[in-house]
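**Q** The structure is given below, and queries will be raised subsequently.
Quick note: the coordinates plus some simple rules give every number you see, no bench work behind them. Remember, predicted model here, so these are calculated numbers, not experimental data. Because the Cβ atoms are built from the backbone with ideal geometry, glycine has one as well, and the counts that use them run over all protein chains shown.
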Amino acid sequence: MSMRGKIISKEYQRMVFVRDDKGGEYVCYAKDLKNKDHVSASEKEQCLDTSLVLGPNW
């Protein structure tokens, strides 16, 4: 088995999917958020907007 899969899996487990006030979904490291259910405007800088990856119609 490749070590790469273990590393990616470990990193994925540290991430959470959260929404902002407008309903947009973001992927963030849990350690970067104060609230694990919501992302603030300042915290978005450390996160990835899922609509940029999946597109608006996913």
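**Q** What's the local net charge at Asp49, with K and R +1, D and E -1, over the other residues with C-beta under 15 Å away? List each step's numbers first, then the result.
**A** On the way: positive: Arg19, Lys22, Lys44; negative: Asp20, Asp21, Glu25, Asp32, Glu43, Glu45.
After counting each charged neighbour, the total is -3.
**Q** State, to one decimal in nm, how far the label point of Thr50 lies from the label point of Tyr29, with both points 7 Å from Cα in the Cβ direction.
**A** 2.0
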